[in-house]
1. For the range 78-89, what are the residues that are open to solvent by 70 Å² or more (accessible area, probe 1.4 Å) and in a helix (DSSP H, G or I)?
2. Among the residues of the range 140-193 satisfying the criterion of being under 26 Å from the mean Cα position of the chain (by Cα) and in a loop (DSSP other than H, G, I, E, B), which is nearest to residue 296 (Cα to Cα)?
3. For residues that are of a type in the set (A, V, I, L, M) and farther than 15 Å from residue 280 by Cα, scanning just the range 308-323, find the one that is modelled with the highest pLDDT.
4. Tell me which helices (runs of 4 or more DSSP H) are completely within the range 204-307 and hold 2 or more residues being of a type in the set (Lys, Arg) and open to solvent by 40 Å² or more (accessible area, probe 1.4 Å), or say none if there are none.
5. Which residue pairs have Cβ atoms closer than 9 Å, lie 6 or more positions apart in sequence or on different chains, and pair a first residue in the range 381-405 that is touching a residue at least 12 places away in the same chain (Cβ under 8 Å) and in a helix (DSSP H, G or I) with a second residue that is aromatic (Phe, Trp, Tyr) and surrounded by fewer than 22 Cβ atoms within 10 Å (Cβ to Cβ)?
6. Within the range 419-443, how many residues are of a type outside the set (Gly, Ala, Ser) and either part of a helix (DSSP H, G or I) or out of contact with any helix residue (DSSP H, G or I) (no Cβ under 8 Å at 6 or more places or on another chain) (or both)?
7. Just to be sure before I move on: is residue 99 assigned to a strand (DSSP E or B) and either touching a Pro at 6+ places or on another chain (Cβ under 9 Å) or surrounded by fewer than 24 Cβ atoms within 10 Å (Cβ to Cβ) (or both) in the structure I sent?
8. Could you pull out every one of the strands (runs of 3 or more DSSP E) wholly within the range 309-371 that has 2 or more residues that are hydrophobic (A, V, I, L, M, F, W, C) and open to solvent by 10 Å² or more (accessible area, probe 1.4 Å)?
Amino acid sequence: MITGESRPVHRSVGERVVAGTVSTDSALHVRVDAVGADTALAGIQRLVADAQASRSKAQALADRAAAALFYVAMSSAVAAMIVWSALGHPSTGIVAVVTVLVIACPHALGLAIPLVISISTSVSARAGILVKDRLALERMRSVDAVLFDKTGTLTRGNHAVIGHTAIAGRNNDEVLRLAAAAEGDSEHPIARAIIAAAQAAGPLPAAAGFEALTGRGVRADVEGREIRVGGPSLLRDLNIIEPDELVAVTDDWRRRGNAVIYVVDAGQVVGAITVADELRPESKAAVAALHDRGKRVILLTGDARQVADAIAADLGIDEVFAEVLPADKDATVSALQQRGLRVAMIGDGVNDAPALARADVGIAIGAGTDVAIESAGVVLVSDDPRAVIGVIDLSSASYRKMIQNLVWATGYNLAAIPIAAGAFRFAGVTIPPALAAVAMSLSTIIVAANAQLLRRLDLRPAEQLSMSPPHWSR
């Protein structure tokens, strides 16, 4: 739960364990050395609070523009009254004041951004993207680097059999079935993966005399034969040498950081199985799509270095930080920001929470832990990493609409206020108060209609996302 490692890690007398860890195959006695505020989880909570407090409180651009418009409109109205009165036309000055104040009503500016935000969050919710912090959505378009946690984000977070082999004269599937039958009564996560893989191919043979061999594996009688299943420690315990024909395959598995499980039949190694945290099939497309959009993709994980490197090589990830503890994840995000990168972090676990809070944009997988979701600005309802592309595309589209609306609302006022004040009366160009009211309403309608075009943005459900940016009507 805390470290993010994808497979069981051996612990012996005197070594530290963390509350919430699952003991897979034996009982243990622990000495409690921290409670309350001194626990690892409390430390993570402090990191999250510190990261959230470090954010600046940005003012909405529309609020600043509307405030500026107030002063411009009032100044223009006062100036028009003074000038026209000085010219001996006070009645014209009064009409000019009314016209300026009517035509400069800041409805359009007031709607320019809030309406875009309202529609974009509605569009995102229908696509399974829940926006908790609107500033996070706005910042997403400008991120330079996207950091992914591994376990549960790019991978499924569950062990799966990804390969098995047998010695000459033995059938691969037979070896898998024997191993699954022997593991039938085990609750070990690797055992569950082997059983699931074998059951997908057919029913398992009956087994009896199950015995868990702590730290080594299991034994059971299957179809009248003694079958033992376990890792390298099992072979050492039995004083058995791995067959040469298996070495090349198992060495390759080990280089990738995968667990290697041997199947021993009547004292002879008959095959081997490899188990690993299975990659999500959508992960490669997500990384490729981010590269297409010019984003740097980084893997940030607490898992072992060789596992992280193998995943990165498979997916084409640019940079890897492995064996990183929660406090170090937070520090890693800060270091990347100090390099001048704007960072988005995607994760699902307790150990990701500090990094999610520290990042410019924190994105939590919806199936993740409560603390991760609480620390993020955006939550993905699905566990498909390609949904991140939808967040980027929505952020870019929303920003364009905000700028378009602000340019229109500001430009309209810059052009309309001088005319309303009578600056061009000498040329016969005037605006009566009634027409000013129509123009003001029309500018608001244009801003609202432009914002509504966001509804045509095609984010698509996560499982249908393509690697190309979506097309949408302007």
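The values are calculated or read from the model by the stated rules, or taken from the named source; none is laboratory data. Because the structure is a prediction, the values reported are computed rather than measured. Virtual Cβ from ideal backbone geometry, glycine too; neighbours counted across all protein chains shown. Protein only, heavy atoms only, side chains kept; ligands, DNA and RNA dropped before computing areas. Shrake-Rupley method; radii C 1.70, N 1.55, O 1.52, S 1.80 Å.
1. Those that are open to solvent by 70 Å² or more (accessible area, probe 1.4 Å) and in a helix (DSSP H, G or I): 78, 82, 83, 86.
2. Ranking the candidates gives 144 first.
3. Once the filter is applied, the top-ranked residue is 320.
4. Where helices (runs of 4 or more DSSP H) fall fully within the range 204-307 and carry at least 2 residues being of a type in the set (Lys, Arg) and open to solvent by 40 Å² or more (accessible area, probe 1.4 Å), they are 244-255.
5. Here the result reads 393/472; 397/472, each pair linking the range 381-405 to a residue that is aromatic (Phe, Trp, Tyr) and surrounded by fewer than 22 Cβ atoms within 10 Å (Cβ to Cβ).
6. 8
7. no
8. In the range 309-371, the matching strands (runs of 3 or more DSSP E) lie at 319-321.
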